[in-house]
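Q: I have a structure here, written as structure tokens, and I will follow up with some questions on it.
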Amino acid sequence: MKHNYKIIVLLLAGIIAIYTSCHKLNMVPANQSTVSKKEASVQIAQSLVGIFNPENGGFDFKNGLSMPTNLSLNKKGKIKVQSVDPKPECGAKKDTTISLNLDESDTSKLDIWAKVKYELTCTNGIPSGVTANDSLNMTMVSGEYKLLLKMGENLTLRSLNPGVAHAQYSFDGPVNYYAKVDYTKPTTDNPNVEGTFNYNFKSIVVDPTKDPDFILSGSATFASKGNIGKNTWNYKGTITFLGGHKAKITIEGTVYTADLMTGEVN
């Protein structure tokens, strides 16, 4: 299984997209979200793009089930699989930590820490799945802001046809991330931002031979909350994957259709 993390898109999906749609809203009582359900659904869609598109972040689900042997981390925070074991034994494990520290100047710094843990599972002696637990912590500091990003995945992947190369598979489990941006001089146009995004995926079916429509079906629940300046949001809902890189997002009974390639919502 190939893992890719691109920090800039996670930042765009989890923070900037939310800020763009929210920062002009008027205040309402503190116990209510000042971000509409439609605007929140856009942020959910953008974050799903970041999770499922290997160019944007998260797993490369299109790569199917495999056991990595060598991993590297580049300065964009992207975990790259250098090689895989073509015939791993049942119970094979990979458990490693990768870190990167860059001090580009006195006011520009980047610290990345990632932990990746895999274990191969078998059925009747035939490799049939992978458990994957990984986490990412990143701090970026510039003269204008400080960014903190934490992301974690705890997934169980199961082949739908064990022993067959490039077979369809399903996965279940949570994917969570937290992002916070503090500006040196926050303004109305650039307020401080903090957000938590939690997903629990269930029976997501993937066809690694199809691109870009590799997600065929499945569902998820989500909960997201945070603040942008003085504006706040707090929503829960469900997601149904429709195939054709589309998903149905339901927030408090209101339904929207999202494009998992562009993040657009209707």
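Q: Using a simple charge model, +1 on the beta-carbon of Lys and Arg, -1 on the beta-carbon of Asp and Glu, nothing else, what dipole does the range 115-189 show about its Cα centre, in debye to the nearest 20?
A: For this selection, approximately 140 debye.
Q: Could you sort Leu102, Leu160, Leu136 by their accessible area in this structure, using a 1.4 Å probe and putting the largest first?
A: Leu160, Leu102, Leu136
Q: Taking the Cα centre of the range 190-239 as origin and charging only Cβ (+1 Lys, Arg; -1 Asp, Glu), how large is the dipole, in debye to the nearest 20?
A: 300 debye
Q: Could you check how much of the accessible area of the range 134-199 is carbon and sulfur, as a whole percent, using a 1.4 Å probe?
A: 49 percent
Q: Students sometimes get this wrong: rank Tyr178, Tyr235 by accessible area, probe 1.4 Å, all chains present, largest first.
A: Tyr178, Tyr235
Q: Is there a quick way to get the dipole size of the range 145-266? I mean about its Cα centre, with the Cβ of Lys and Arg at +1 and of Asp and Glu at -1; what is the value in debye to the nearest 20?
A: Result for the range 145-266 is approximately 360 debye, rounded to the nearest 20.
Q: Here's another thing I want to ask about it. For the full complex of protein chains and a 1.4 angstrom probe, list Ile239, Ile126 by accessible area with the highest value first.
A: My answer, sorted largest first, is Ile126, Ile239.
Q: Would you work out if the range 87-228 is rounded, prolate or oblate? Take a ≥ b ≥ c from the square roots of the eigenvalues of the alpha-carbon gyration tensor; rounded if a/c is under 1.5, else prolate when a/b is larger than b/c, oblate otherwise.
A: Prolate is the answer for the range 87-228, as a/c is 1.5 or above and a/b outweighs b/c.
Q: Just subtract the alpha-carbon distance of Ala223 and Asn192 from 0.36 nm times their residue separation and send over the number in nm, one decimal.
A: Fully extending the segment from Ala223 to Asn192 adds 9.1 nm.
Q: Ok, one more. Mind checking which of Thr232, Val255, Gly218 is farthest towards the positive end of the range 209-266's charge dipole, using Cβ charges of +1 (Lys, Arg) and -1 (Asp, Glu) about the Cα centre?
A: With unit charges placed on the Cβ atoms, the residue in question is Thr232.
The values are calculated or read from the model by the stated rules, or taken from the named source; none is laboratory data. Quick caveat: nothing in here was measured; it's all calculated off a predicted structure. No Cβ is skipped: glycine too gets one built from the backbone with ideal geometry, and neighbour counts run over all protein chains shown. Remember, those area values only see protein heavy atoms, side chains included, never the ligands or the DNA or RNA. Shrake-Rupley method; radii C 1.70, N 1.55, O 1.52, S 1.80 Å.
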